[in-house]
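Visitor: Quick one: the structure is below, questions incoming.
The values are calculated or read from the model by the stated rules, or taken from the named source; none is laboratory data. Because the structure is predicted, anything quoted here is derived from the model rather than measured. Neighbour counts run over all protein chains shown; Cβ positions are idealised from the backbone, glycine included.
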Amino acid sequence: MSDVKVRIDGREVTAHEGMTILEAARLVDIEIPTLCHSPDLIPSGNCRVCVVEIEGARTLAGACHTPAADGMVIQTRSPKVLTSRRATVELLMAGHTGECVTDVHTDQCDLRKLADHLEGGAPRFLMRKPRWYPIEEANPYVRRDMSKCILCRKCIGACQEIAKKNVYGIAYRGFASKVVVDFDDPLTTEVCRDCGICIDYCPTGALSKPAKRGGVQ
Amino acid sequence: MPEKRILLKNCGIIDPRDINAYVAHDGFKAWEKARHALTPDEVVAEIDTSGLRGRGGAGFPCGLKWKLARQEAADEKFLICNADEGEVGAFKDRHLLQHDPFSLIEGIAIAAYAIGAQKAYIYLRAEYHYLSAGLKNAIDQTRQKGCLEELNITIQEGAGAYICGEESALMDSIEGKRGEARFRPPFPPSQGLWGKPTIINNVETLANIPPIILNGSQWFREIGTAQSKGTKLFSVSGDVAKPGVYELALGSPLKELVVDLAGAQDIKMVQVGGATGGIIPASMITTPLAYETVLGSGAVTVFDASREVLDFVYRTMEFLAEESCGKCTPCREGTEAMMEIIGRLTTGDGKQEDIQAIEDLSQTMMLSSLCGLGQAASIPVLDTLKYFRNDYENRIRQSVFLRSLRGQL
């Protein structure tokens, strides 16, 4: 495997061929925030938080899925990138209805942490109606609160690629998109057993372990 | 006669159900020339020098695309004809499919020969189901004639999603998946349908191939402007006396199309390129139609003075929010947030900060979205903001006044 040389934030980085920009940046400890990316899963590139500026490109590129090519000059914190990243996180926060929105100290939600880190400030964007779905507790192993979901699809990836189960899928379009089971059916024990791998990958707590009756989780 | 009929030369003249009528009008001569006088590399070179650019909207150089796919070493290559004409106000491909299907089949046969594809798909939008039988008939007759010996053409019907006109979502749809944009790279010429090198061309692009091969690239280069060669089909609709499909040489002024040919009067603005197309105000009506200025897919919608700018922008955004596939954040949430802001402006509840918010949001959607839908969704908003800023500011002033009446300042 040959090496490729890229310049990230002014630093010369030697990466292997086939490495993504994100992996190359992590080699030299340049942190690019991500939400939908996990090193264990095939990148989906849907959250657009990891965007970086590549010199000569018309648009910003997702760092988690764009392979580093020889001679690329990459900016991970240019004004363009930061403005776009901040607006993307603001948009996600606008449609997100978890406890983290009001309770700053929960420290559970990756999206909230990222929003704090980027110092977006007061929300400029609103949604006509926020996502609101009833909490699903049909399954004794997974509690689903889809109002918190930011559609990063890591649960789908984990279920498909690691557990090899294909329980989840995406339904509906646009803002109404939702991670569903079959034809938007409840997640019953018929379709899902107790592996719970999706819970580990959920960044916002939309999927969680159900609280045990009378006990502390 | 300002119209220059190259693609439309057979439309309405020959019987689209009979291959003999097409053959009598120089049909399949280009195919024979390509097959017997030229090597695949020469065909690709001919298209490359002709300067033909994609007619679907993005305007990518056709020859370059073919060259990339030709270079790829793979056991299987695919050719897809994009007949998912979902763009709002576009009906030029329908006209070709309906009145001259053999030109398209000939173009497909030449393109497949050039890149070395053994299988071709015609991705027909669901609403064009009624054209499927005619197209099937054309394919069968061409096969009987012996012009499709090494190529298998399948008609694949869509399921009614706007996003499936976008090349990567289109491939997902053919693969049987949910139609969603893929990230690029890898680009389709290297890894497309089922991970194989794939060429996706618009109906009109492929219909341009036979005349170019037959008459030579130099003939084609003489038509049009420096960066836009050849003719283009325009589908004109909206507030015009004579809506329909017109063919003009690229670089012709917009005025010639909408006023002289289609008979528009009292124009306020013209949208060129469909739902995500650019807006040309009446004062710039002489703008030439070319890739350098404004073109898109060739859908031209005329708005007269009776139309309200913000209502139009709201309706467009409503459409785009509905048709967003929901994969990437800037498009999924951005179109929704944009609708919220413009919706408030139209109902008289706008705020001073709204214009700044629209501009910031547009910038993000343009830079970060995965595919053309999200990237271009804000073009009508930004263009109207540029040319009709007064309309926006008036709405905000009215909103402030309305709130003051309610005592909510």
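Visitor: Quick check: anything in the stretch A:96-113 in a helix (DSSP H, G or I), within 13 Å of chain B (Cβ to nearest Cβ) and not basic (K, R)?
Guide: Yes, the stretch A:96-113 contains a residue that is in a helix (DSSP H, G or I), within 13 Å of chain B (Cβ to nearest Cβ) and not basic (K, R).
Visitor: For the stretch B:308-320, does any single residue satisfy the condition of being within 10 Å of chain A (Cβ to nearest Cβ) and either crowded, with 23+ Cβ neighbours inside 10 Å or modelled with pLDDT of 90 or more (or both)?
Guide: Within the stretch B:308-320, one or more residues are within 10 Å of chain A (Cβ to nearest Cβ) and either crowded, with 23+ Cβ neighbours inside 10 Å or modelled with pLDDT of 90 or more (or both).
Visitor: Now a separate question. On the basis of being more than 25 Å from B:R55 (Cα to Cα) and out of contact with any strand residue (DSSP E or B) (no Cβ under 8 Å at 6 or more places or on another chain), does B:E308 make the cut?
Guide: Spelling it out, B:E308 is indeed more than 25 Å from B:R55 (Cα to Cα) and out of contact with any strand residue (DSSP E or B) (no Cβ under 8 Å at 6 or more places or on another chain).
Visitor: Select from the stretch B:209-239 the residues that are of a type in the set (S, T, Y) and out of contact with any Leu (no Cβ under 9 Å at 6 or more places or on another chain) and list them in ascending order.
Guide: B:S235, B:S237
Visitor: Assuming B:A207 fulfils every condition listed in (1) in a loop (DSSP other than H, G, I, E, B); (2) away from every other protein chain (no Cβ under 14 Å) apart from one, which condition is it?
Guide: Among (1) in a loop (DSSP other than H, G, I, E, B); (2) away from every other protein chain (no Cβ under 14 Å), the lone unmet condition for B:A207 is (1).
Visitor: While we're on this one: Determine if the stretch A:131-138 includes at least one residue that is touching a residue at least 60 places away in the same chain (Cβ under 8 Å), more than 12 Å from chain B (Cβ to nearest Cβ) and within 30 Å of A:D3 (Cα to Cα).
Guide: For the stretch A:131-138, residues touching a residue at least 60 places away in the same chain (Cβ under 8 Å), more than 12 Å from chain B (Cβ to nearest Cβ) and within 30 Å of A:D3 (Cα to Cα): absent.
Visitor: Same structure again: Going through A:D29, A:D9, A:D40 one at a time, which residue ends up being of a type in the set (D, E) and without any contact (Cβ under 8 Å) to a residue 12 or more places away in the chain?
Guide: Testing whether each residue is of a type in the set (D, E) and without any contact (Cβ under 8 Å) to a residue 12 or more places away in the chain leaves just A:D29.
Visitor: Against the definition (surrounded by fewer than 15 Cβ atoms within 10 Å (Cβ to Cβ), over 30 Å from B:E359 (Cβ atoms) and at pLDDT 90 or above), how does A:K164 come out, yes or no?
Guide: The answer is yes for A:K164.
Visitor: How many of the residues in the stretch B:346-368 are small (G, A, S), within 7 Å of chain A (Cβ to nearest Cβ) and under 25 Å from the mean Cα position of the chain (by Cα)?
Guide: Summing the residues that are small (G, A, S), within 7 Å of chain A (Cβ to nearest Cβ) and under 25 Å from the mean Cα position of the chain (by Cα) in the stretch B:346-368 gives 1.
Visitor: Quick check on the stretch B:159-173: of everything there that is small (G, A, S) and touching a Cys at 6+ places or on another chain (Cβ under 9 Å), which residue is surrounded by the most Cβ atoms within 10 Å (Cβ to Cβ)?
Guide: B:A169
A quick yes/no check of all residues on (1) more than 22 Å from B:N215 (Cα to Cα); (2) crowded, with 21+ Cβ neighbours inside 10 Å; (3) modelled with pLDDT under 95; (4) of a type outside the set (V, I, T):
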| site | (1), (2), (3), (4) |
| --- | --- |
| B:Q98 | yes, no, yes, yes |
| B:F102 | no, yes, yes, yes |
| B:Y113 | no, no, yes, yes |
| B:A117 | yes, yes, yes, yes |
| B:A126 | yes, no, yes, yes |
| B:R143 | yes, no, yes, yes |
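Visitor: Can you name the residue in the stretch B:281-301 that is of a type in the set (A, V, I, L, M) and part of a loop (DSSP other than H, G, I, E, B) and, of all such residues, is nearest to B:E204 (Cα to Cα)?
Guide: Within the stretch B:281-301, the match that is nearest to B:E204 (Cα to Cα) is B:L295.
Visitor: Moving to a separate point now. Taking the conditions exactly as written (part of a loop (DSSP other than H, G, I, E, B), modelled with pLDDT of 90 or more and not aromatic (F, W, Y)), does A:L187 satisfy them or not?
Guide: Criteria not met by A:L187.
Visitor: I want to confirm something. Restricting to the stretch A:72-95 and keeping residues that are under 17 Å from A:V28 (Cβ atoms) and not polar (S, T, N, Q), which single residue is nearest to the other protein chains (Cβ to nearest Cβ)?
Guide: Out of the qualifying residues, it is A:M72.
Visitor: What pairs come up if the first residue lies in the stretch A:159-181 and is at the interface with chain B (Cβ under 9 Å from one of its Cβ atoms), the second is of a type in the set (F, W, Y), and their beta carbons are under 9 Å apart, counting only those six or more places apart or on different chains?
Guide: A:A171/A:F183; A:K178/A:Y133; A:K178/A:Y172
Visitor: Which members of the stretch A:32-58 meet the condition of being assigned to a loop (DSSP other than H, G, I, E, B) and among the charged types (D, E, K, R)?
Guide: Those that are assigned to a loop (DSSP other than H, G, I, E, B) and among the charged types (D, E, K, R): A:D40, A:R48, A:E55, A:R58.
Visitor: Oh, and also: Out of the residues in the stretch A:46-60 meeting the condition of being buried (at least 24 other Cβ atoms within 10 Å of the Cβ) and not β-branched (V, I, T), tell me which one is farthest from the other protein chains (Cβ to nearest Cβ).
Guide: A:C50
Visitor: Evaluate the following for B:A117: is it more than 21 Å from A:R173 (Cβ to Cβ) and small (G, A, S)?
Guide: Yes; evaluated as a whole, the condition is true for this residue.
Visitor: Across the stretch B:329-345, which residue is farthest from B:F312 (Cα to Cα) among those that are facing chain A (nearest Cβ under 7 Å) and of a type in the set (A, V, I, L, M, F, W, C)?
Guide: B:A337
Visitor: Here's something else I'd like to know. Just checking, which of B:G57, B:G51, B:G12, B:G89 is outside the structural domain of B:A161 (by TED's automatic domain parsing) and at positive phi?
Guide: Criteria check complete, one pass: B:G12.
Visitor: Among the residues that make up the stretch B:222-242, is at least one of them surrounded by fewer than 20 Cβ atoms within 10 Å (Cβ to Cβ), of a type in the set (S, T, N, Q) and within 30 Å of A:A57 (Cα to Cα)?
Guide: Yes.
Visitor: Can you name every residue in the stretch B:46-88 that is under 23 Å from B:A249 (Cα atoms), among the aliphatic types (A, V, I, L, M) and buried (at least 17 other Cβ atoms within 10 Å of the Cβ)?
Guide: Once the filter is applied, which keeps residues that are under 23 Å from B:A249 (Cα atoms), among the aliphatic types (A, V, I, L, M) and buried (at least 17 other Cβ atoms within 10 Å of the Cβ), the stretch B:46-88 yields B:I47, B:L52, B:A83, B:V88.
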